[in-house]
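Trainee: Structure provided below as structure tokens; questions to follow.
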Amino acid sequence: MLVKQISVFLENKCGRLASVTRVLGEHSINIRAFSIADTTDFGILRLIVNNPEEAYKVLREAGFTVSVTEVIAVKVPDRPGGLADVLELMQEAGVNIEYMYAFVEKISKDAIAVFRVENVETAVRLMQEKGIKLLSGNEVYNL
Amino acid sequence: MYWNEKYECMPRSELRALQEERLKETVARVYYEVPFYRRALQARGLGPNDIHSLEDLPKLPFTTKDDLRDNYPYGLFAVPLSEVVRLHASSGTTGKPTVVGYTRRDLDIWAEVMARALTACGATKESMIHNAYGYGLFTGGLGVHYGAERIGASVIPVSGGHTKRQIMIMKDFGSTILTCTPSYALYLAEVMEEMGISKEDLKLKGGLFGAEPWSENMRKQIESRLGLLALDIYGLSEVIGPGVAVECPEKQGLHVAEDHFLVEIIDPETGEQLPPGSYGELVVTTLTKEALPLIRYRTRDITAILPGSCPCGRTHVRIDRIKGRTDDMLVIRGVNVFPSQIEEVLFRISGTEPHYLIIVERREQLDELEVWVEVSEQVFSDEVRRLEHLEKRIRREIEDVLGISVRVKLVEPKTIERSEGKAKRVIDRRQL
């Protein structure tokens, strides 16, 4: 029930984001979702792609500092309060969120929220006990 | 104006005789008192009485900073610790500093050479000496302090920092002589301008500036903005501290206190002595030091002995401004910084060969040190707080080792140019 996220270190410099996405494009890797965390000097690009192993390999070869992180993807009803419901359940389960980002899915009209949590295995168990619907890696990669 | 005309203007022949006598005494003393030197002399087939004239100097072995480090802390001392009344230290290439000791008589000699230096820039017993060199293990502060007291001037031991307060003190106390690093002198000038205080509000007449490299251009700026005579002073803690050599108002090189320090210029590659006018590594032999006498100490500073005599009347030889270093040491705000110190910290944190670049810049007259570190996979994290924590940890550990503040910037791999052989680790953008 885990999804592989690709994280890339980026300096706050002109053109860095473009070059990461260009590398992925040239290798026919499709981006499903992404978010950027930024500070004054640097940023961390987080990506969900259709082929994380390949993305990791080609970005490394292109000279980027890359890591693979396991995250949790949750289907969230695309309506007011949809995300709040999920977050409350996670809070009740005692799951601590490091960061999250969300995107709206094209076909099913649901939103998908990606969570990076502290202890991922425990979090999955606790969230499932609360009845939160988690998406598998393949479900997300093939959206 | 001289402090000690007899010695400062001694005829060359007399000075030479004095130097030879003192050199012989020094060699004999280190032979008997310092096992390191006894072994080094014996290895060259020299006994305690085999040095007869200055021509014999090239027979003597060199002493390096590594020798001081290998004998840390007191191994090269030639007197029992009970005779040592003061210790100072300077940073070295590794975590261990270089420790130097002084007997009562060493402090006396130091005060003497500093009194000469201060007198050269116009200090008298009427002077109010504003000493903005740091007090502590660094020799700058106390070196000036004792020289100023020797003259009978009034010393304001203001030390570094609190710039606005320093300017208020200079104005209210009527400081006439300023001693600090040249970059700090310019910084003082800038803050004065911001505070609306002009050089006419102050009484400055002269100043000694050293502990870091500077230039004629900086001298012009310091002189015009602070309204004083700015002279260069040279020294290093291993030898004694500031006062080894100082400019006179002719500004044509720094007179070495030759009755106490014997200087040579050598080719740093071959170790051969070079003639006056040639640039090479400055080598100093102490002639009167008791606690830590040094034979042919390799300073790693590049300069030349200037030929000819000086119109000021002093007979002691002059060396040119320090042109650079034979190693990769940087002097930042008077503190010695070796890239290897930073490398060690990075290695400890990342566990791998670090790729880094040290950038030195002078902003608002103060040297700033920035360290760029490439983020390797070993230390990378997808969480901002972990990377920020890493940045902070690198900064804190470097600051602990160097004792000065730095800025750390995480950069992408391959940002830092790789070159064949020796990597370029330092970009010094300071415009002196």
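Trainee: At each listed q (0.12 Å⁻¹), what is the log10 of I(q)/I(0) that the Debye formula gives for chain B modelled as equal alpha-carbon point scatterers?
Mentor: Per q value, in the given order, log10 I(q)/I(0) is -1.04.
Trainee: Moving on. Heavy-atom accessible surface, probe 1.4 Å, ligands and DNA/RNA ignored: which residues of region B:364-386 lose at least 20 Å² versus the isolated chain?
Mentor: For region B:364-386, once contacts with the other chains are taken into account, B:VAL375, B:GLU377, B:PHE380, B:ASP382, B:GLU383, B:VAL384, B:ARG385 lose 20 Å² or more.
Trainee: Taking every residue in A:98-106, how many Cβ atoms of other protein chains lie within 10 Å of its Cβ, on average?
Mentor: 1
Trainee: Per 5 Å bin, what percent of the C-alpha pairs of chain A does each bin hold, from zero upward?
Mentor: Taking every Cα pair in chain A, the percentages come to 2, 10, 20, 21, 19, 14, 9, 5, 1, 0.
Trainee: Here is a follow-up. If you place +1 on the Cβ of every Lys and Arg, -1 on the Cβ of every Asp and Glu, and leave all else neutral, what size is the dipole of chain A about its Cα centre, to the nearest 20 Debye? Can you show the working numbers first?
Mentor: Working: 16 positive and 19 negative charges, 72 e Å.
For chain A, the charge dipole is close to 340 debye.
Trainee: Enumerate by residue number the trypsin sites (Lys or Arg not before Pro) in region B:43-77 meeting two conditions: DSSP loop (anything except H, G, I, E, B), and at most 13 other Cβ atoms within 10 Å of the site's Cβ.
Mentor: Qualifying residues, ordered by number: B:ARG44.
Trainee: With charges set only on the Cβ (+1 for Lys and Arg, -1 for Asp and Glu), what does the dipole of the protein assembly as shown come to about its Cα centre, in debye to the nearest 20? Don't skip to the answer; put the middle values down first.
Mentor: Details: 73 positive and 84 negative charges, 82 e Å.
Approximately 400 debye in magnitude.
Trainee: Can you tell me which of B:262-270, B:26-34 comes out highest on packing, and rank the rest after it, using the mean Cβ neighbours within 10 Å?
Mentor: B:26-34, B:262-270
Trainee: Further question: What value, in deg cm²/dmol to 500, does the helix sum -39500 (n - 2.57) over DSSP H runs of n ≥ 4 give at 222 nm once divided by the residues of chain A?
Mentor: -9500 deg cm²/dmol
Trainee: Where only protein heavy atoms count, and the probe is 1.4 Å, what is the accessible area per residue for the protein assembly as shown in Å²?
Mentor: For the protein assembly as shown, the solvent-accessible area averages 43 Å² per residue.
Trainee: Could you tell me the calculated FRET efficiency between B:ASP428 and A:LYS106, based on Cβ-Cβ distance and R0 = 51 angstrom, to the nearest 0.05?
Mentor: The formula returns an efficiency of 0.40 here.
Trainee: Set the bar at 32 Å for Cα to Cα. Now go through B:LYS251/B:LYS289; A:LYS4/A:LYS130; B:LYS6/B:LYS96; B:LYS96/B:LYS220; A:LYS57/B:LYS392 and name every pair that lies beyond it.
Mentor: In this structure, B:LYS6/B:LYS96; B:LYS96/B:LYS220 lie more than 32 Å apart at Cα.
Trainee: Here is a further query. Measure off, as a whole percent, the carbon and sulfur share of the 1.4 Å-probe accessible area of chain A, all protein chains present.
Mentor: Here carbon and sulfur together make up 48 percent of the probe-accessible area.
Trainee: May I ask you to derive the relative contact order of chain A, considering only C-alpha pairs under 8 Å and at least 6 residues apart, and to give it as an integer percent?
Mentor: Working: 249 pairs, mean separation 42.1, N = 143.
Computed over chain A, the figure is 29 percent.
Trainee: Sticking with this one: Using only the alpha carbon atoms of the protein assembly as shown, find the Kirkwood hydrodynamic radius as the inverse mean reciprocal pair distance, in angstroms to one decimal.
Mentor: Roughly 27.8 Å, rounded to one decimal.
Trainee: Still on this structure, I have one more. Relative contact order, percent, of chain B when contacts are C-alpha pairs under 8 Å separated by at least 6 residues? It would help to have the intermediate numbers written out before the result.
Mentor: On the way: 860 pairs, mean separation 61.4, N = 432.
Averaging sequence separation for qualifying contacts and normalising by length gives 14 percent for chain B.
Trainee: May I pose another question? With a 1.4 Å probe on protein heavy atoms only, tell me which residues of region B:397-413 lose at least 10 Å² of accessible surface in the complex relative to the chain by itself.
Mentor: Those are B:ARG407, B:LYS409, B:LEU410, B:VAL411, B:GLU412, B:PRO413, which lose 10 Å² or more relative to the chain on its own.
Trainee: I've got another one for you. If R₀ is 22 angstrom, what is the calculated FRET efficiency for the pair B:MET1 and B:GLU126, using the beta carbon separation as r and rounding to 0.05?
Mentor: Numbers: r = 12 Å, r/R0 = 0.57.
Computed FRET efficiency for B:MET1 and B:GLU126 comes out at 0.95.
Trainee: Limiting things to C-alpha atoms, what are the Rg and the maximum Cα-Cα separation (Dmax) for region A:3-69, in angstroms?
Mentor: So, for region A:3-69, Rg and Dmax equal 10.9, 32 Å respectively.
Trainee: Once neighbouring chains are kept in place and the probe is 1.4 Å, which whole percent of the accessible area of region B:21-84 is contributed by carbon and sulfur?
Mentor: Ligands and nucleic acids excluded, carbon and sulfur give 47 percent.
Trainee: Given +1 on the Cβ of Lys and Arg, -1 on the Cβ of Asp and Glu, and no further charges, what dipole in debye does region B:5-325 carry about its Cα centre, rounded to the nearest 20?
Mentor: Dipole of region B:5-325, to the nearest 20 debye: 400 debye.
Trainee: Give me the percent relative contact order of region B:320-432, please, defined on Cα pairs under 8 angstrom at least 6 residues apart.
Mentor: Answer for region B:320-432 is 30 percent.
Trainee: Moving to a separate point now. Determine the calculated [θ] at 222 nm for chain B from helices alone, applying -39500 (n - 2.57) to every DSSP H run no shorter than 4 residues and normalising by the residue count; nearest 500 deg cm²/dmol.
Mentor: After summing the helix terms and dividing by residue count, I get -10000 deg cm²/dmol.
Trainee: Summed for both chains, how many Å² of accessible area, to the nearest 100, are buried between B and A with a 1.4 Å probe? The partial results should precede the final answer.
Mentor: Values: alone 18930 and 7880 Å², together 24980 Å².
Separately minus together, B and A give about 1800 Å² buried.
Trainee: Can you pull the percent of region B:331-428's accessible area that's carbon plus sulfur, 1.4 Å probe, other chains left in place? Write out the running numbers ahead of the final one.
Mentor: Working: 2180 of 4680 Å².
Accessible surface attributable to carbon and sulfur in region B:331-428 totals 47 percent.
Trainee: If you take every DSSP beta bridge whose two residues both sit in the protein assembly as shown, what share of them, in percent to the nearest 5, is antiparallel?
Mentor: 75
Trainee: Please sort by residue number the GluC sites (Glu not before Pro) in region A:65-143 whose DSSP state is loop and whose Cβ has at most 15 other Cβ atoms within 10 Å.
Mentor: A:GLU118
Trainee: Oh, and also: Shielding of B:218-224 by partners, i.e. mean partner chain Cβ atoms within 10 Å per residue? Mind dumping the intermediate values first?
Mentor: Values: counts 0, 0, 0, 0, 0, 0, 0.
Mean partner shielding for this stretch: 0.
Trainee: Still on this structure, I have one more. How many nm separate the modelled label positions at B:ARG386 and B:VAL191, each set 7 Å beyond the Cα in the direction of the Cβ?
Mentor: About 4.2 nm separates the two model spin labels.
Trainee: Let me ask something else about it. Could I have the simple spin-label model distance between B:LYS96 and B:HIS162, label points 7 Å from Cα toward Cβ, reported in nm to one decimal?
Mentor: 3.7
Trainee: In whole Å, what are the Cα extents of region A:70-141 along the three principal axes, biggest one first?
Mentor: 31, 26, 21
Trainee: Residue farthest toward the positive end of the dipole of the protein assembly as shown, with Cβ of Lys/Arg at +1 and Asp/Glu at -1: which of B:LEU292, B:VAL144, A:SER67?
Mentor: B:VAL144
Trainee: Express as a percent, rounded to the nearest 5, the fraction of DSSP beta bridges in chain B (both residues included) that run antiparallel.
Mentor: Working: 41 of 65 bridges.
The antiparallel fraction comes to roughly 65 percent.
Trainee: Take the Cβ-Cβ distance between B:ARG38 and A:GLU54 as r, set R0 to 60 Å, and report the resulting FRET efficiency rounded to the nearest 0.05. List each step's numbers first, then the result.
Mentor: Details: r = 69 Å, r/R0 = 1.15.
After rounding, the FRET efficiency stands at 0.30.
The values are calculated or read from the model by the stated rules, or taken from the named source; none is laboratory data. What you see is a predicted model; the values in this text were computed from it and never measured. Cβ: placed from backbone, ideal geometry, glycine included. Neighbour counts: every protein chain shown. Side chains included, ligands, DNA and RNA excluded: accessible areas come from the protein's heavy atoms. Shrake-Rupley method; radii C 1.70, N 1.55, O 1.52, S 1.80 Å.
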